[in-house]
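Okay, so here's the structure we're looking at.
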Amino acid sequence: MTEPAIEFRSVVKRYGDASAVAGIDLAIAKGELMTFLGPSGCGKTTSLRLIAGLELPTEGQVLIAGRDVSRDPASARNVGMVFQSYALFPHMSVLDNVAYGPAIRGTPKAQAQARAREILDQVGLAGLEARLPSELSGGQQQRVAVARAIVQQPDVILFDEPLSNVDAKLRRKVREEIRALQRRFDLTAVYVTHDQEEALAVSDRIVVMDRGRIAQVGTPAELYERPATPFIASFIGDANLIEGQVVEGRFTAPGMTLDVPGQDGPATLSIRPERITLAPGGPDRVMTATYLGSRMEYLVAAQVGEMLVSRPIFEPRLAAGQDVSLHIAATDVSRVA
Amino acid sequence: MKAFEGRIGLIWSGLLLASVLALPWFKGGAIGASALAEGVAGRAWLLPLVAVAVALTALTFLTRNWRVHQAAAALVGAGLAWLILQGFGIGLRGPALPGIELLFPAAAAGQPGFGWGAWLAGVALIGALAEVLAARGFCRGERFAAFSIVGIVAALTLFVFFPILKLMSAAFIAPDGTLSALPFLARITAADLWSVGCLTGAGRCGVVINSVVLGVLSAAFATALGLALALLVARTDFRMKRALRAISILPIITPPFVVGVAIIVLFGRTGVVTVEVAEWFGVRPSRWVYGLPGILMAQVLAFAPVTFLVILSALEAINPTLEEASTTLGARPVTTFRTVTWPLLRPALAAAFLLAFIESLADFGNAIVLGGSYDVLSTKIFFAVVGAQYDLGQAATLSVLLLALTVAAFWVQTRWLGRASYVTVTGKSDAGLVAPMPLLIKWAAVAAVLPFVIFTAGVYMIVLIGGFVTDIARLEMSPTFGHIWTAFSFEVGDRGLQLFGSAWDSMITTLWVSALSAPLTMGIGILTAWLIARQDFAGKRAFEFGTLLSFAIPGTVVGVSYIAAFNVPPIDMTGTLWILVICFVFRNLPVGMRAGIAALAQIDRSMEEASQTMGAGGGRVLADVVLPLIRPAIFTALVYSFVTAMTAVSAVIFLVSARHNMATAYIMGRVENGEYALAIAYSTVLMLVMVVCVALMNLAVGRRKLGRRTAVTGTAQPAQ
């Protein structure tokens, strides 16, 4: 394997007694888009700022392109960052904003501006160079922020919740633009979000963080289909958690048995709502049936407990109060504890 | 990048080397009298510093990165410690620390104070210290921030805390020069401090009682007046709103004494009003205005605008929907005012009161002109130092008392009130209409404000015409430029421009001091604000409290403490222009700082972080991003420090010398001699000069149009 673009080695960041990052080890490959996902206060933004150099680790090392930068200030690292608020300089034109980085690092002004024009052209902002940031739309401002972050060919580009200031309707489009740019320039990118759908859509791999630690690392499909813990199962998408016992490879809970490999003992299984099938008639009962346009959602009172079930809209619909039987395939469950 | 880091290292070690090898080490020393030369010639205690300089320079050349090298930290620490130890250990006339002459026999002959070499060596060592700290992760490794913090802490220690400590120790020195607690106890329990005779009718009150009584009365009246003014401006359609706001600026640009003199001219024994009243009502003219009534009048006039601004901002911050809610629940206007508006205002009223109380205790100018036999702490301190019996111990004891009072008030204000304020401003729009003022309260406010306006008009009328008539105090009203000419006569002859007027020297010094201190104050103040608002570093809270604390030290105390600290080596600088400049810089620092912090709070921090991630170090971030966005705060800080430097009197009165006299000190001399017309004429010129200078600053700093960009937050604004 080639050298990782970014590496965390036993990184800890403490503020007084509180640990924002409580010891993480992680390698991010070159050209990869890695997302830090987690609830607020989980340490994902702190981790991003540790890469940027806006925070320095209390313990451990951060390596960028194989070099230990743990003690280097932000200005001595080669990273680009897109801020939540974009942080465009309101007193500078679009061109000056983008040419700022190269100029700071010693590129002659004319060259810096030529480079900035080039990048602005590539992100589709040609002709707006002389505008002030306040004279652009939200989406345009976002593209200026991205252009400014990639103009110096950084070792890594960091996105700090870049969609939180974008209109809900525009999010999908902007997110695809970001992904396309990242692929086109073959950038290593680290992306922070608390929105699991956004994370699934945009990432090569996702790091789910919880209380300063890494809960699981994997591709979107791995995380969704094989969550490692109850926390991940319920944080990414909806999940039904079933508690029971495993005895000699068989999981038993009230009213159900499944073949589940693994150690004997108490166990928790996770099953996604759309993986459960319902058949009319049986021991379970539909409590509520909700029409959501693209699908039906049922809350079913089963022997194992209340289960959330999601079915395609074209299947025969069930009504609240109807008796049903619930079917779960062993291949569709993950053991999360 | 690496080469650059090496160069910075060379700057500090090079500066250090130059300061010990080439520059005169002692104050007033000859060009060749460097630390090396002096050390070889017998003052052997300077040689370790030379060794440190050479070793540090060698280290920067020999190691790959000297900043992280253990030896660098040891060298820098040892160098700084030795610089301070030898400076304070060996005084002008010999060893200050006993035993040091055994180590260095030549120390018995003493040494002069720090000269250029010693000062620059200190700066170089502090710079190197910041580098060493930054390399160890201080300030997230930002060397500019590290240097700023270390430098400001060093400067504050030297020019704020060291003088105060020195002053406190002076309070414990007996007349024969020995150190003991007895003289302090004797002085601090003296009857002329604490006597309550005036209340019981048995003689006069002690000076502490006088000060507190004056402070409480003055603060109470000023707060009441400020409240009346604020209510009229914020809550009514009173016609003179604009005029009232304008009046609030006047005291800031008015030199002290002027109001006092105007009050004497109006109400003194031969005063304009006194004489008229005597004629009409047959009241015998008396000297009633000298003492508590006069000082009180002048102080209320001076502090009301301050309390007005504090209360006004609180009043405008009250969310009108709260009052609307009260009205919709059926409350009449008076009830709404009593149950909603008033309780919400209370913290601001308390804040205004304490502010005025502190100002009153610190006030020197009015008390000295109008005090008569009514002694307060600030005047008593003054006479203990400049009077016939020079008694630094007495002055120091009184200063400690005064300091304790103001710092206590300041502490109450920041700690207790800090928690009690109700901020009802939210990001949401509060589209409500303010409740109408109850008529009763409105007319009460008008009744309070009217005399104030008439009085202010009278005072400034005197100021306007007093300098241009023969003798306003005796109502001899024939117009003349004689006073101006006495002060500012000049001649353009064969030998060019010649200035004859008696006021030119002080005027020129004042301009120099103001022009030097204003940019320094602004620079350090804004830098400090930026450090506090934007940097995280160990000891930040103590740093912040230390800078704010210098705000609570009354000018008189600062003056006395500077005399106590800077009259003798190693830092002897009394009688120079620099001590005046330094005094102003550190006194006005908190104002620039507060303006800066307020402005920075409006600016999204991520803009600076963006600049950093693009490769800008702390200095560039400040220059490229922060400063352009906080221009108004810079302007405020600049103007305030300039104007204060031109009008302040309490601290400088101790620090002026024959060579470097200041305008206010000169005017005070004229007032003491009864030359009121000349004093008023000079004050008028001073105010004019200030207005012109402020206009020039406005041009220079400029308020570059920010276009229609109202948001400096950098957040997205979808196009319309």
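Within the range B:32-41, the residues that satisfy the criterion of being open to solvent by 10 Å² or more (accessible area, probe 1.4 Å), within 17 Å of residue B:18 (Cβ to Cβ) and not in a helix (DSSP H, G or I) are B:32, B:33. If we keep just the residues of the range A:29-65 that are within 11 Å of another protein chain (Cβ to nearest Cβ) and assigned to a loop (DSSP other than H, G, I, E, B), which is surrounded by the fewest Cβ atoms within 10 Å (Cβ to Cβ)? The residue in question is A:58. Residues that are over 14 Å from residue A:91 (Cα atoms) and at pLDDT 90 or above within the range A:127-139 comprise A:127, A:128, listed in sequence order.
All conditions in (1) open to solvent by less than 50 Å² (accessible area, probe 1.4 Å); (2) within 27 Å of residue B:146 (Cα to Cα) hold for residue A:71, with the sole exception of (1). With respect to residue B:582, is the statement that it is within 14 Å of another protein chain (Cβ to nearest Cβ), touching a residue at least 60 places away in the same chain (Cβ under 8 Å), over 15 Å from residue B:145 (Cβ atoms) and of a type in the set (A, V, I, L, M, F, W, C) true? So residue B:582 fails the test.
For the range A:71-93, which residues satisfy the criterion of being more than 16 Å from residue B:616 (Cα to Cα) and either small (Gly, Ala, Ser) or at pLDDT 95 or above (or both)? Hits for the range A:71-93 are A:85, A:93. When the strands (runs of 3 or more DSSP E) confined to the range A:251-337 are screened for residues that are without any contact (Cβ under 8 Å) to a residue 40 or more places away in the chain, those reaching at least 3 such residues are found at A:277-291, A:295-302, A:305-312. Within the range A:226-246, the set of residues being assigned to a helix (DSSP H, G or I), open to solvent by 30 Å² or more (accessible area, probe 1.4 Å) and over 17 Å from residue A:276 (Cβ atoms) comprises A:230, A:231, A:235. When residue A:258 is tested against (1) surrounded by 18 or more Cβ atoms within 10 Å (Cβ to Cβ); (2) modelled with pLDDT of 90 or more, exactly one condition is not met: (2). Of B:615, B:619, all but one fail to be within 14 Å of another protein chain (Cβ to nearest Cβ), not in a helix (DSSP H, G or I) and not basic (Lys, Arg); the exception is B:615. Scanning the range B:565-585 turns up no residue that is assigned to a helix (DSSP H, G or I) and of a type in the set (Ser, Thr, Tyr).
Screening the candidates B:44, B:58, B:71 for the property of being within 17 Å of residue B:117 (Cβ to Cβ), surrounded by fewer than 17 Cβ atoms within 10 Å (Cβ to Cβ) and either free of Cβ contacts under 8 Å to residues at least 40 places away in the same chain or among the small types (Gly, Ala, Ser) (or both) yields one hit, B:44. Note on the range A:66-96: residues that are of a type outside the set (A, V, I, L, M), assigned to a helix (DSSP H, G or I) and more than 7 Å from chain B (Cβ to nearest Cβ) total 1. Here the condition is being open to solvent by less than 60 Å² (accessible area, probe 1.4 Å) and modelled with pLDDT of 75 or more; of B:283, B:273, it holds for B:273 alone. Among the residues of the range B:246-258, those that are open to solvent by 20 Å² or more (accessible area, probe 1.4 Å) and in contact (Cβ under 8 Å) with a residue 12 or more places away in the chain comprise B:247, B:249, B:250, B:251, B:252, B:253, B:256. Looking across the range A:125-149, the residues that are under 15 Å from residue B:610 (Cα atoms) and within 11 Å of another protein chain (Cβ to nearest Cβ) come down to A:133, A:141, A:142, A:144, A:145, A:148, A:149.
The rows are residues; the columns are (1) without any contact (Cβ under 8 Å) to a residue 60 or more places away in the chain; (2) open to solvent by less than 30 Å² (accessible area, probe 1.4 Å).
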| residue | (1), (2) |
| --- | --- |
| B:128 | no, yes |
| B:133 | yes, no |
| B:138 | no, no |
| B:142 | no, yes |
| B:157 | yes, no |
| B:199 | yes, no |
| B:205 | yes, yes |
| B:224 | no, no |
| B:235 | no, yes |
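Number of residues in the range B:244-257 that are under 20 Å from the mean Cα position of the chain (by Cα) and at negative phi equals 9.
Among the residues making up the range A:98-117, those that are more than 15 Å from residue B:612 (Cβ to Cβ) and open to solvent by less than 20 Å² (accessible area, probe 1.4 Å) are A:98, A:99, A:102, A:112, A:116. Of all the numbered requirements in (1) within 14 Å of another protein chain (Cβ to nearest Cβ); (2) open to solvent by 20 Å² or more (accessible area, probe 1.4 Å); (3) at pLDDT below 85, residue B:658 misses one, and that requirement is (1).
Can you find a residue in the range B:361-376 that is farther than 24 Å from residue B:192 by Cβ and assigned to a helix (DSSP H, G or I)? Looking through the range B:361-376, none of the residues is farther than 24 Å from residue B:192 by Cβ and assigned to a helix (DSSP H, G or I). Can you pull out every residue in the range B:298-327 that is aliphatic (A, V, I, L, M), open to solvent by 20 Å² or more (accessible area, probe 1.4 Å) and farther than 20 Å from residue B:249 by Cβ? B:317, B:322, B:325, listed by residue number. Among the residues making up the range A:262-288, those that are out of contact with any helix residue (DSSP H, G or I) (no Cβ under 7 Å at 6 or more places or on another chain), β-branched (Val, Ile, Thr) and open to solvent by 10 Å² or more (accessible area, probe 1.4 Å) are A:277, A:288.
Restricting to the range A:178-202, give me the number of residues that are open to solvent by less than 10 Å² (accessible area, probe 1.4 Å), more than 14 Å from every other protein chain (Cβ to nearest Cβ) and touching a Ser or Thr at 6+ places or on another chain (Cβ under 8 Å). Of the residues in the range A:178-202, 4 are open to solvent by less than 10 Å² (accessible area, probe 1.4 Å), more than 14 Å from every other protein chain (Cβ to nearest Cβ) and touching a Ser or Thr at 6+ places or on another chain (Cβ under 8 Å). Selection of the range A:161-177 for residues being at the interface with chain B (Cβ under 8 Å from one of its Cβ atoms) and either at pLDDT 90 or above or closer than 23 Å to residue B:609 by Cβ (or both) yields A:165, A:166.
The values are calculated or read from the model by the stated rules, or taken from the named source; none is laboratory data. Keep in mind the model is a prediction, meaning the values are calculated, not measured. Reconstructed Cβ throughout: ideal geometry from the backbone, glycine too, with neighbour counts over all protein chains shown. Surface areas here come from the heavy atoms of the whole protein model, side chains and all, with no ligands, DNA or RNA. Shrake-Rupley method; radii C 1.70, N 1.55, O 1.52, S 1.80 Å.
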